[in-house]
Amino acid sequence: MSETLHHIIAGEAVGSDAAGESINPSDLGDVVARYPKGSTADVDRAVKAARAAFPSWSEASPEVRSDVLDKAGSLVMARAKELGELLSREEGKTLPEGTGEVMRAGRILKYFAGEAIRRHGQALDSTRPGIDVTTHREAVGVFGLITPWNFPIAIPAWKAAPALAFGNTVVLKPATPTPAIAHALGKIIEEAGAPPGVFNLVLGEGDVGRAIVDHGDIDGISFTGSQGVGASVAAGAIKRQARLQLEMGGKNPLVVLDDADIEKAVTVAIDGAFFGTGQRCTASSRIIVTEGIHDRFVEALAERARSLRVGNALDPSSQIGPAVSEQQLEQNLRYVGIARDEGGQVLTGGEPLSLDTRGYYMAPTIIADTAPNMRINCEEVFGPVASTVRVRDYDEALEIANRGQFGLSAGIVTDSLKHARHFRRAVRAGMVMVNLPTAGVDYHVPFGGTRKSSYGAREQGFAAVEFYTQTKTVYVGG
Ligand code: UN1
């Protein structure tokens, strides 16, 4: 059964060309949805609708916005099974991952229902006697949200929910491979009572994103995606001085020290590297192992990787789903080839898999004996591919972990408090995980990285208020 989608503009279903197809990556014969390919004119209409809705939405009682988000969160959670299936069918993550992500989106909406009514201003003593100083958080205006396919409901939720909570209106452009689940979120936000124009959705391809970046009446842009596209979004946004937030790639190191419990280290590495088919910007893709544990750990890791069941995302026994698209699968395989040519040893995986249904399947891949500066250790693959690097000791592990252009998440597996504490302080990353996978984060705390992984204010939790509000400082004398 294939659904026909529309843009959501000013509360109306717009666009009926159904020129695009969203295909199930686990079963290429299954068309999940047909959608219209938006144009610059559709973006312009959506921005006009968002602008028109802004005054009354931003001036409404915070309770009104809180109620909409709370209800949207409840609706999302009540439909978690059905939406989780849709997500897994469209994106290819396993059913528990798909349903889990839907629940997470629901929680995010509910968290920001609370944030809407929490007091975010401050009252301070002036340095001059008899004067009061206060700061106020005001809505900014219209936000353009450009979101990726790998968390196709959680990321739209974690950008849209704070934007709406603080009184802004939005135009969302979801990633081309995953329009149906983003559309479902949009319909739920409408059903929860968001007035027409508060949440707009324009489906389509890269030119829709470009039109958002270039639109003179969009006040801020939040983007999650690749570093290359992020850089061009930044150039366009800065040219017209739009507010800007980018979440991009990672090449996240996981350090395993000699004193680590092998079982625990393998479990952490497998989760970080392969769950979600490795399609997480927070995935552990460089596993840096000290020499005392190296051989035993790498052998156990490869054995566990071989035992993972790759299959149709909708089959409950699958542990790893397919890559999202042909292009992504090709990229994964290309990087395996590059790593081989550079001298890496492919211990397991590295090949596409033919299963019962035709899909973009690939075996989880471990490439051992890699050197830190090989391309496989510098560039983001975004698939179920992890490399291992042998090091002498903690100091060398840290030095290698800190190399490269990215700095999103970094993990360490150790029982040494001394090394865990030092790593926490010395590693150059926005998020540090001790005895935990580099991926998998909470929704109520800041998310983001350093260097080329992120740009602008942090996302999520209490940090989101920075990006989605502007501060007014008020001085009152007698
Ligand atoms: C997670 O690790 O739970 O695109 C979230 C991504 C990140 C989200 C990761 N922005 O993969």
Restrict the check to region 238-245 and report whether at least one residue is within 15 Å of the ligand (Cβ to nearest atom) and within 21 Å of Gly383 (Cβ to Cβ). no
Region 432-454, residues that are part of a strand (DSSP E or B) and under 30 Å from Glu263 (Cα atoms): Val432, Met433, Val434, Phe447
Single residue of region 96-120 satisfying the filter (closer than 18 Å to Glu85 by Cα and among the acidic types (Asp, Glu)) that is surrounded by the fewest Cβ atoms within 10 Å (Cβ to Cβ): Glu97
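Between Ala429, Ala457, Ala386, which is within 16 Å of the ligand (Cβ to nearest atom), surrounded by fewer than 22 Cβ atoms within 10 Å (Cβ to Cβ) and outside any helix (DSSP H, G or I)? Working first, answer last.
Working: Ala429 fails: surrounded by fewer than 22 Cβ atoms within 10 Å (Cβ to Cβ); Ala386 fails: surrounded by fewer than 22 Cβ atoms within 10 Å (Cβ to Cβ).
Just one listed residue meets the conditions, Ala457.
Does Gly411 satisfy the condition of being closer than 20 Å to Thr277 by Cα, crowded, with 24+ Cβ neighbours inside 10 Å and within 16 Å of the ligand (Cβ to nearest atom)? I'd like the intermediate steps shown before the answer.
Values: closer than 20 Å to Thr277 by Cα: yes; crowded, with 24+ Cβ neighbours inside 10 Å: yes; within 16 Å of the ligand (Cβ to nearest atom): yes.
In short, yes.
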Select from region 423-474 the residues that are without any contact (Cβ under 8 Å) to a residue 24 or more places away in the chain and more than 20 Å from Thr282 (Cα to Cα) and list them in ascending order. Glu466
Give just the number: which of (1) closer than 30 Å to Ala323 by Cα; (2) open to solvent by 10 Å² or more (accessible area, probe 1.4 Å) does Asp217 not satisfy? (1)
Which residues, taken from region 389-408, are open to solvent by less than 50 Å² (accessible area, probe 1.4 Å) and either among the hydroxyl-bearing types (Ser, Thr, Tyr) or assigned to a helix (DSSP H, G or I) (or both)? Tyr394, Glu396, Ala397, Leu398, Ile400, Ala401
Which condition does Ser226 not pass, out of (1) farther than 15 Å from Gly383 by Cα; (2) within 13 Å of the ligand (Cβ to nearest atom); (3) surrounded by fewer than 19 Cβ atoms within 10 Å (Cβ to Cβ), if it passes all the others? (1)
Scanning region 214-245 for residues that are among the hydroxyl-bearing types (Ser, Thr, Tyr) and in contact with a helix residue (DSSP H, G or I) (Cβ under 7 Å, 6 or more places away or on another chain), the one farthest from Leu164 (Cα to Cα) turns out to be Thr224
Do any residues in region 43-72 that are under 23 Å from Lys110 (Cβ atoms) have Cβ atoms under 8 Å from those of residues that are of a type in the set (A, V, I, L, M, F, W, C) and open to solvent by 70 Å² or more (accessible area, probe 1.4 Å), where the two are at least six apart or on different chains, and which pairs are they? Pro62/Ile117; Glu63/Ile117; Ser66/Ile117
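Yes or no, residue by residue, for (1) among the small types (Gly, Ala, Ser); (2) under 17 Å from Ser284 (Cα atoms):
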position	(1), (2)
Asn377	no, yes
Glu380	no, yes
Gly383	yes, yes
Thr388	no, yes
Tyr394	no, no
Ala410	yes, yes
Leu417	no, no
Arg421	no, no
Give me the strands (runs of 3 or more DSSP E) completely within region 214-308, filtered to those with at least 2 residues that are in contact with a Pro (Cβ under 6 Å, 6 or more places away or on another chain) and either more than 30 Å from Ala53 (Cα to Cα) or modelled with pLDDT under 95 (or both), ordered by residue number. 284-290
In region 265-282, the residues that are within 16 Å of the ligand (Cβ to nearest atom) and under 15 Å from Val413 (Cα atoms): Val268, Ala269, Ile270, Asp271, Gly272, Ala273
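Inspect all residues belonging to region 162-169 and state whether any of them is of a type in the set (Ser, Thr, Tyr) and touching an Asp or Glu at 6+ places or on another chain (Cβ under 8 Å).
Initial filter on region 162-169 (of a type in the set (Ser, Thr, Tyr)): 169.
Of the ones still in play, those that are also touching an Asp or Glu at 6+ places or on another chain (Cβ under 8 Å) are none.
Within region 162-169, not a single residue is of a type in the set (Ser, Thr, Tyr) and touching an Asp or Glu at 6+ places or on another chain (Cβ under 8 Å).
Can you name every residue in region 1-47 that is basic (Lys, Arg) and closer than 30 Å to Ser318 by Cα?
Here is the first cut: in region 1-47, the residues basic (Lys, Arg) are 34, 37, 45.
Arg34, the sole residue that qualifies.
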Could you tell me whether any residue of region 241-258 is surrounded by fewer than 17 Cβ atoms within 10 Å (Cβ to Cβ) and assigned by TED's automatic domain parsing to the domain that holds Asn150? yes
Between residues in region 129-155 that are open to solvent by 40 Å² or more (accessible area, probe 1.4 Å) and residues that are within 16 Å of the ligand (Cβ to nearest atom), which pairs lie under 8 Å by C-beta distance while being six or more apart or on different chains? Trp149/Glu91; Trp149/Pro174; Trp149/Ala175; Trp149/Thr176; Trp149/Pro177; Trp149/Thr178; Trp149/Val324
Inter-residue pairs, beta-carbon under 9 Å, first part of a helix (DSSP H, G or I) and in region 79-90, second among the small types (Gly, Ala, Ser) and open to solvent by 10 Å² or more (accessible area, probe 1.4 Å), 6+ apart: Ala80/Gly100; Glu82/Ala184; Leu83/Ala184; Gly84/Gly100; Leu86/Ala184; Leu87/Ala184
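The values are calculated or read from the model by the stated rules, or taken from the named source; none is laboratory data. Model, not experiment: these values are computed from the prediction. Every residue, glycine as well, gets a Cβ built from its backbone with ideal geometry; the counts of neighbours run over all protein chains shown. Each accessible area value is taken on the protein alone, full model and side chains, heavy atoms only, with ligands, DNA and RNA left out. Shrake-Rupley method; radii C 1.70, N 1.55, O 1.52, S 1.80 Å.
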